[in-house]
Structures are given as C-alpha cells and as structure tokens.
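What follows is a set of notes on a single structure, which appears directly below.
We did not get these values from a lab; they are worked out from the coordinates using the rules stated. Predicted model, so just to flag it, every value in this text is computed and none were measured. FYI the Cβ positions are ideal-geometry reconstructions off the backbone, even for glycines, and counts take in every protein chain you see.
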Amino acid sequence: MLDIQKIRADFPILSQTVNGKPLVYFDNGATSQKPQIVIDAEVKYYQEINANIHRGVHTLSQLATDAYEISRGKVKVHINAKHAYEVLFTSGTTHGINLVTNGFASILKPSDEVIVSSLEHHSNIVPWQMLCEKTGATLKVIPMNEHGELILEEFDKILSEKTKVVTVNHISNALGIINPIKSIIDKAHAVGAAVLIDGAQAVPHLKPNVQELDCDFYAFSGHKMCGPTGTGILYGKEEWLNKLPPYQGGGEMIKEVTFEKTTYADLPHKFEAGTPNIAGGIVLGTAIDYLNNIGFENIQQYEHELLEYATKRLLEIEGLRIYGTGKNKASVVSFNIDGIHPYDIGSIIDKLGIAVRTGHHCAQPIMNFFCIPGTIRASFSFYNTKEEIDAMVEAVKKAQTMLS
Ligand code: 7TS
C-alpha cells in the first residue's frame, strides 16, 4: 500500500493553488511533476560539481564525468541493457527516434518498407516519413479497431521480407492502450526487420526489460518519469549502434580528426556529440532511484485503481464517450461529451484548477480514425487521488451544464 499523502508531500508543486483552486494535475502524459529530491539534485550539481565531462583531468571534471557515467549505469540496470554503452543520453524521445531514422537513411533502399502503427505520436510518424521520402522506401501502417487496439492479423499481412524496420509505441499517449509489443517484436524479427519501441508513455508506469523484449531500440524521455526536461535515453543493441552512422558531428564523438579523414569514437560517445545536458543526465538517475523506491508494482497497482475509478465515475456523465476501450490500458482516460468541443471543457475546468490536455495530443491519425477534432485527456500518476478524480468529474459536469 502506498502512502499517497506522504508521496504528495515530495512534490512541492502539488500543494499549489491554480486560479484560486487546489491544483489537480492530470496532464502527466505531457510531463510529470518533479519530487523535491530531483529538484535538489539539480541544484546540488550546479552548486558542487559543475564542470564539462569527459575532457578535463581536473577534479571537478572527473566528479561530473563519474556522476554522469554512474547515472548511465543506473539506466542500464533499470532497463536491463546488456552493456552501459548501449545506453545513449538524448534530449528526449524525439531526439532518440530522429537519431535512428537518420542512421537508417544510409541503409534503406527504394524497395524497402517501414511499418509504423496507427497509434503513434507524431514524433514516431514524421521522422519515418522523412526517412521514406529521402530513401524512396514505402511507409505502411498497422491499423487499429474501434477499441484503439492494433489489429495484429493486418500486421501479419503487411509484414514481409521487404520490411526493414517496424516501430510502435509501448503505450499510446492519446488512448493509454498498452500494445502487444513482444509479439510485434518477435514477428518483425522473423522477417529480419529491426524494431524501435517508443517507450515515452511506458517508462512512468513500468520498468522495460529490453533484453527480454529483444527490441533493437527503445526510446524514452526523462521528463515523463519525474526527471528534468531535456533528458532522454535511446537504448540500442550494440550491433545496430555499430552499424548506424553518427547522428551529429562535433566534439566528443571522434577518435581522430584530420582534414582528410575523421574516425569516430566508440559507443556510446559516437552518438553523443557536443556538451550534453550533464545535470539533467545525472538527475535522471535520481528520478529513477526515486521511482524504484516507490516500486513499479505498487505504482501499477495504484494507478490501475485510479483508472478503474475514473472510468466508472466519468461514465456516469450523460453523453460522455471514452476513446480507447481496449482491455490492456495504462492510467489514461481520453473522452468527449456529445456536442461539446473538448477545448471548451478543458478551458472551463482549468478555471476550476483541473489541468488536463485537450486536442489531438500529437496523434492526429487517431482523431481522424474516430472522426473527432480531439479529446479531453486525463492522465494519472501515482501521486494523484480518487478525491482529485471526483473534483474533475464535478468540474466536467459543471462545464457540461454551462455549455449545453
Ligand atoms: N512518443 C510518445 C508516445 C509521446 O507521448 C511523446 C510525448 C513523445 C513521443 C515525444 O516525447 P518528447 O519528450 O520528445 O517530446 N507526448 C506528449 C503528450 O502526450 N502530451 O504532450 C507530450
């Protein structure tokens, strides 16, 4: 059992009022709030060991380098990567995905195919489209059903020897559906395709095991898992990271530079050009420690209770429809009310202190599938409560009355 009030006390922002009302923060899918221990660790870095990494022999540079590499090691253990050098620091999921698509530009041929799913965030669609435009390869899409679940029989039909990459998110940001990624990875590998998993929405809720999944790449953002913004991780299997060319050229990613030829550094530095977000990378390790102390099993169990409670309470509202009704879901409820634009509900409940996201959630193909402009999305974290859900339900009812 989690002591939610004790956990809430770790997050200073949660005791704020917004528009004169206690803040109810249900926009965790966009970014999570940060516990004091994470905020303190960021400050402590700048107060005590700020220096550039991997370059100075001086003590501070060594301390900063050690702290950065210790954090990489924590991530390695957290996601069960085989080697720490398979863990690349990035600025977020978007950066990680673009690093991979950039690399595939020198691998794909016009006869090749890339498969994405219909549940993707734009950041796992557009880079692959750009890659296909550049290489002449064809983009194919795994369709979904009315519940927001991917149709695996259709995936089987589009998967072939031509498929070179398959990419899918672990959990959909717009609907909260948890995808059957293990089965997708195994099927893709059977035809020799590489697989990238977009884990942006998964890492706040679960601990991915990249060796067990056997994915080739797993990208995620630190800011959605209690870490600082501008941090992220791209896990890549050693074989693939060695095969892909560097993403950016610059300092730190080289072995030797002459005007005739430059040779590249070994992993992971080959993909880490320039001065990174050193403080952020270090503090991401603090955030991971914090989450592990709470325990992902506890988090999942509690968030599932919140999901069930919110679903039941919201469905009491007349004319309310939930999108993403598949069985396997994370703590996200996306909904609309008959005849009312999601933006209008979002704006009114904001005045009542309730923070939700409204709109297409950077997943326009999903909205097109349901023929809607967007949804109201409440995404819950382990620090949210049933009382907050009650407050949201009352606020939505009030907005409905005002708008009908
Ligand atoms: N992939 C998924 C599944 C996401 O949900 C997001 C961000 C990204 C990729 C991009 O992550 P970034 O950290 O690089 O920006 N999703 C959301 C969201 O649902 N609301 O705001 C951002």
Looking at the chain, do any whole DSSP H helices span at least 18 angstrom along their long axis by alpha carbon and average 0.5 or above on Kyte-Doolittle, and which? 278-294
What shape does the range 201-348 take by its C-alpha gyration tensor, where a ≥ b ≥ c are the square roots of the eigenvalues and a/c under 1.5 counts as rounded, a/b above b/c as prolate, and the rest as oblate? prolate
Taking 0.36 nm per residue of separation between Glu256 and Thr325 and subtracting their Cα-Cα distance, the length gained on full extension comes to 19.4 nm
What shape does the range 118-169 take by its C-alpha gyration tensor, where a ≥ b ≥ c are the square roots of the eigenvalues and a/c under 1.5 counts as rounded, a/b above b/c as prolate, and the rest as oblate? oblate
So, relative contact order of the range 39-292 in percent, Cα under 8 Å, 6 or more apart, is 24 percent
Calculate, for Glu239 and Glu153, the FRET efficiency according to 1/(1 + (r/R0)^6) with r their C-beta to C-beta distance and R0 30 Å; round to the nearest 0.05. 0.45
Those lysines that a straight Cα-Cα span of less than 20 Å connects to Lys44, excepting residues fewer than 8 apart in one chain: Lys34, Lys74
Filtered hits (lysines, Cα-Cα < 28 Å from Lys397, offset >= 8 within chain) -> Lys21, Lys312, Lys327, Lys329, Lys351, Lys386
Loop only by DSSP, 14 or fewer other Cβ within 10 Å of the Cβ. Give me the chymotrypsin sites (Phe, Trp or Tyr not before Pro) in the range 300-404 that pass, ordered by residue number. none
Distance cut-off 19 Å, Cα to Cα: go down the list Lys134/Lys162; Lys164/Lys261; Lys164/Lys243; Lys140/Lys164 and report the pairs above it. Lys164/Lys261
Ordering of 161-170, 77-86 by packing [mean C-beta count within 10 Å, highest first]: 161-170, 77-86
Does the chain classify as rounded, prolate or oblate by the C-alpha gyration tensor (a ≥ b ≥ c root eigenvalues; a/c under 1.5 gives rounded; else a/b over b/c gives prolate, otherwise oblate)? oblate
Whichever aspartates and glutamates have a C-alpha closer than 12 Å to that of Lys76, once near sequence neighbours (fewer than 8 apart) are set aside: Glu86
Put +1 on the Cβ of each Lys and Arg and -1 on the Cβ of each Asp and Glu in the chain; which of Ala287, Leu60, Ser221 then has its Cα farthest toward the positive end of the dipole? Leu60
